[in-house]
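What follows is a short report on a single structure.
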Amino acid sequence: AGLMDVSLKMILNETYPSFRNWIDRGATTLWECWNGEGSRNHHMFSDFIAVLFKYLGGIKPDESGPGFRKIIMKPQVKCGLDWVKASHKTTYGEIKMVWERREKETHFVIGIPEKCEADFSIPGTMESGRVLTPGHHEFSVKD
């Protein structure tokens, strides 16, 4: 299984060990141990949120444009979820990514801050190399 598959299982599985299992057991913070022993407010597992932004939302910095001046957008739309909303505040403004699966297409609503640009593609599809300039973008891509 790829990193994406493993990460989603760690988040969504109802069975132990998973973040979903913690929530089902009443967790409102990140626990120190998967079994619930130890600290009930511990940051050992706190980086899992990166999966949501980097893979599901597809928001990644491009090293050639520091501070998110250049953005790589590669949302994982075939991850088993119907929709994702993600955003990230930068010194240039807020980056927004919203996608929703609809029958045989995915609808996107994307916001790119001023002075920034994004290279948009969808992994596993022919959709790649679309450059998004500052502003609001709304479009659909067929499967």
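For the chain, the Cα gyration tensor yields ellipsoid semi-axes of 30, 19, 12 Å (square root of five times each eigenvalue, largest first, whole Å).
Sorted by average packing, counted as other Cβ atoms within 10 angstrom per residue and highest first, what order do 13-24, 114-125 take?
Values: 13-24: 14.2, 114-125: 16.8.
Final packing ranking: 114-125, 13-24.
Accessible area, 1.4 Å probe, largest first: how do 56, 81 sort?
Values: 56 5, 81 50 Å².
My answer, sorted largest first, is 81, 56.
Atom-type composition of the exposed protein surface of the chain places 52 percent of the accessible area on carbon and sulfur (1.4 angstrom probe). Here the Kirkwood formula, the inverse mean of 1/r across different C-alpha pairs, assigns region 61-143 a hydrodynamic radius of 13.0 Å. Excluding ligands, DNA and RNA, the accessible surface per residue across the chain is 61 Å² with a 1.4 Å probe.
How high is the FRET efficiency from residue 78 to residue 27, r the C-beta distance, R0 30 Å, rounded to 0.05?
Values: r = 29 Å, r/R0 = 0.96.
Once rounded, the FRET efficiency stands at 0.55.
The residues 107, 88, 136, sorted by heavy-atom accessible surface at 1.4 Å with ligands and nucleic acids left out, run 136, 88, 107 from largest to smallest.
At R0 = 25 Å, how high is the FRET efficiency between residue 107 and residue 12 if r is their beta carbon distance? Nearest 0.05 is fine. FRET efficiency, residue 107 to residue 12: 0.65.
The values are calculated or read from the model by the stated rules, or taken from the named source; none is laboratory data. Please read all numbers here as calculations on a predicted model, not as lab measurements. Quick reminder, even Gly has a Cβ in these numbers, built from the backbone with ideal geometry, and neighbours come from all protein chains shown. Accessible surface is based on the protein model in full, side chains and every heavy atom, while ligands, DNA and RNA are left aside. Shrake-Rupley method; radii C 1.70, N 1.55, O 1.52, S 1.80 Å.
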